[in-house]
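The values are calculated or read from the model by the stated rules, or taken from the named source; none is laboratory data. Everything quoted here is computed from the prediction, not taken from an experiment. Using ideal geometry, Cβ is built from the backbone for each residue, glycine included, and neighbour counts are taken over all protein chains shown. Ligands, DNA and RNA are excluded from the accessible area calculation, which covers all protein heavy atoms including side chains. Shrake-Rupley method; radii C 1.70, N 1.55, O 1.52, S 1.80 Å.
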Amino acid sequence: LAQVTIHIQARRLQHAAPRSLRPSQHGLNVKMGHSSQLNEFLAWAVCSGTGGAGHLSKVTPDGSARQKQGYEEASLPFQECSLADPLAMLKSVAGWQDAAEELKSIYAQARLACTSSGLVADLPEWPRTKAGRDLALESLLVVADLRDTASAIIAQVLRQNFGGVCMVVDGNDLDAVGLLLQRTPGVPLSCACRQNGVTAVLDAGIFIAGIEHNPKLLLFELRYLATTMPADLEVVVARHQACFEPLQHLRRQSSGGMEPHAHSRKPHVGAMHFVSHWWSCPEGLDLIAGSLAANKYAIVDGFLPQEAQDACAAAVQALYDGGHMVSGLAEQGADSHGRFWAPDPGAGARDEADARNAAGEARKWTLHGDHRVWLGDDDERATALRALTEALDELLRRLQAADVAGAPGASRGGVRERLGGIDFREHAMATCYPGATRSRYLRHCDVSRGAVLTAIFYLNQDWTEEDGGQLRIFGEAPTSSRVKDDILPVANRLLLFWASEEVPHEVRATSRDRFTVTVWFKRAAEAVQGPNFLMDLLYRHNAVRPLTLLEAVRRGGCSEGIAQQAARLAALLLGRGEEERLALLRALVPGICRQCGDSSAEGASGTGEYDGHWFCRCCWDGWKSTSELCGRREVGIAADPAPEKNTARAESSASPKGEV
């Protein structure tokens, strides 16, 4: 394949490029017309690319070794660069001076991933087992203008060092590029073939342009392709047989949506009166809890009755069609993806790699391509989702209940303890990943939300492997490169997993519009902490049923004054639109004292750990008095009147912000 690829690249070049490349006992013989920098470079590339097996000689059309009609021996350029270290050539390419070390790092990490998986890694031919089975999950098509020296150097380095995951083709050979792009329809030929440029095309049909100037996106994808190890199919099958298939057997046993042995179970948990679901029997809950304990995730197919699932799907589709969803990139902002993706301060805070696809070009690489809308329980735009959130609340409460998940047993592995204290969930996030742009979401963990459990409900009828859009779960270590499972987003499927570093995951590129609803569950004690917690709580959280907001805030340890204020504000916001809710919260929340919960127009905001919290004049006077009694030490105002919390905060550095 490498010989054929090189032949396709070289034989159509102008400027008397090598006229033929044919196999020989030495690897490759190169016939050259006249010596030129381009010819010499291509000859060097061909020979060095064969691992030193290339053969340069004075050859003529008839195969003799005599010099005839202008054919001459190829003299190697770049003689100061060792053929064993072609990465050194990158120092001559603007924008790639530091890429050599990054490529070496990727190479080393890929070898480590291979060897740790029991493979023998020879990266120019990587990745293959001893039996020769190709293990590459995906590949990268690199289209380079080989008439341009810098582009040719980049292409050769990629092909020689990562030939197992990179296919290199000459961008001047429009026929060859067009043929290869047929496997990724939708990528414009004009975007792939650029003069003096290098473009990479992913198997998913996403292209990366401008590589010749900034290699950041290419290196990111190259590291992913070269280091990601496929899932162990035997382990995946065993896991599904042990945890997920028994759930489906239980579902098939059920009748009319009621769980088997329903008469043996109380129809309520505590004061709750939930609608009965097939999975709510002790056997079903044991299987779900056991999977969360053993695998860190659980799959429940047929989670809702079919009518409820269809209503949810129609509601989310209508939200997307009606323009209610906004781009996830726009909502999250430029600085919310970590330092690696942050704009380069040295470039005037510009996104030099265009990781956010500022122009919105179809199929161009971007950090993620989802569109989303947040929906509270009282949102009239999608009342059908209440059936989903009610079912999720029921599942959580049953898993928390002592008579369900409290009995000792290895299968439950502390699930009840991990779910303890959860009394809030964020507003449901309805999401669409448009297929036309091959939308996806890069690898991440859900740790930044402060949540305990993530619940994703899928709404996609007749979904197949060819449609893509799988949620890929990796091994439990944050740096694990081994795929653990690829989960199809089929309709009426619920996926649960811990919102921790134990479950790194990503959304693979989709070729169809992919719809989901995601909910994050939080402990009350964590939901009522942090700057502006009350605004955040009221703007994007609901209490987990059957608790009211007042009861849930109390459970979080807030004072009665704050709990009452939260309940009154929630009643005021009920039924209002998103913009009106936000405006009211901005106007009213700063007047609620974080210490005593009273409303007051007179006061000031705290600093340090209390930055963003409002304190009334009375509480500030108390702070001043305490400060004077303690020898004018700075004393913080406690957020809770409990004596132990006041003592713990007495040495904090909170201080007035402005005059009261």
Output the number of residues of the stretch 509-544 satisfying the condition of being more than 22 Å from LEU388 (Cα to Cα) and surrounded by fewer than 20 Cβ atoms within 10 Å (Cβ to Cβ).
10
Based on what the data block shows, is PRO230 surrounded by fewer than 19 Cβ atoms within 10 Å (Cβ to Cβ), within 23 Å of the chain's Cα centre (by Cα) and not aliphatic (A, V, I, L, M)?
yes
Any idea how many residues of the stretch 420-433 are open to solvent by 10 Å² or more (accessible area, probe 1.4 Å) and in contact with an Asp or Glu (Cβ under 6 Å, 6 or more places away or on another chain)?
1
Could you list all residues from the stretch 440-482 that are touching a Phe, Trp or Tyr at 6+ places or on another chain (Cβ under 9 Å), closer than 25 Å to ILE206 by Cβ and either modelled with pLDDT under 95 or open to solvent by 20 Å² or more (accessible area, probe 1.4 Å) (or both)?
ARG440, TYR441, LEU442, ARG443, ASP446, SER480, SER481, ARG482
Single condition LYS484 does not satisfy, out of (1) part of a strand (DSSP E or B); (2) closer than 15 Å to GLN309 by Cα:
(2)
When the stretch 190-203 is checked residue by residue, the ones that are open to solvent by 30 Å² or more (accessible area, probe 1.4 Å) and part of a loop (DSSP other than H, G, I, E, B) are ARG194, GLN195, ASN196, ASP203
Among the residues of the stretch 296-314, is any of a type in the set (S, T, N, Q), over 30 Å from the mean Cα position of the chain (by Cα) and over 27 Å from PHE474 (Cβ atoms)?
no
Output the number of the condition that THR607 fails; it satisfies all remaining conditions of (1) out of contact with any helix residue (DSSP H, G or I) (no Cβ under 7 Å at 6 or more places or on another chain); (2) modelled with pLDDT under 75; (3) closer than 18 Å to SER559 by Cα.
(3)
Tell me which of these LEU495 doesn't satisfy, since it passes every other one: (1) of a type in the set (A, V, I, L, M); (2) over 23 Å from VAL201 (Cα atoms); (3) surrounded by fewer than 20 Cβ atoms within 10 Å (Cβ to Cβ).
(3)
Looking only at the stretch 545-557, which residues are assigned to a loop (DSSP other than H, G, I, E, B) and either of a type in the set (Ser, Thr, Tyr) or buried (at least 22 other Cβ atoms within 10 Å of the Cβ) (or both)?
THR548, GLY556
Mind checking which pairs have a first residue in the stretch 173-192 that is farther than 16 Å from LEU146 by Cα and a second that is of a type in the set (Gly, Ala, Ser) and assigned to a helix (DSSP H, G or I), Cβ under 7 Å, 6 or more apart or different chains?
LEU181/ALA192; LEU189/GLY178
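Matching residues to (1) outside any helix (DSSP H, G or I); (2) modelled with pLDDT of 95 or more; (3) open to solvent by 10 Å² or more (accessible area, probe 1.4 Å):
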{"position": "GLY210", "(1), (2), (3)": "yes, no, yes"}
{"position": "LEU219", "(1), (2), (3)": "no, no, yes"}
{"position": "LEU222", "(1), (2), (3)": "no, no, no"}
{"position": "ALA226", "(1), (2), (3)": "no, no, no"}
{"position": "PHE244", "(1), (2), (3)": "no, no, yes"}
{"position": "HIS249", "(1), (2), (3)": "no, no, yes"}
The correct count of residues that are among the β-branched types (Val, Ile, Thr) and surrounded by fewer than 22 Cβ atoms within 10 Å (Cβ to Cβ) in the stretch 364-394 is 1
Among the residues of the stretch 512-533, are any farther than 30 Å from ALA289 by Cα and modelled with pLDDT of 95 or more?
yes
Please list, ordered by first then second residue, the pairs with beta carbon atoms under 7 Å, 6 or more apart or interchain, first in the stretch 213-227 and within 13 Å of VAL142 (Cα to Cα), second open to solvent by 50 Å² or more (accessible area, probe 1.4 Å) and not β-branched (Val, Ile, Thr).
LEU219/GLU102
What do you reckon, is GLY360 open to solvent by 40 Å² or more (accessible area, probe 1.4 Å), modelled with pLDDT of 85 or more, part of a loop (DSSP other than H, G, I, E, B) and on the phi > 0 side of the Ramachandran plot?
no
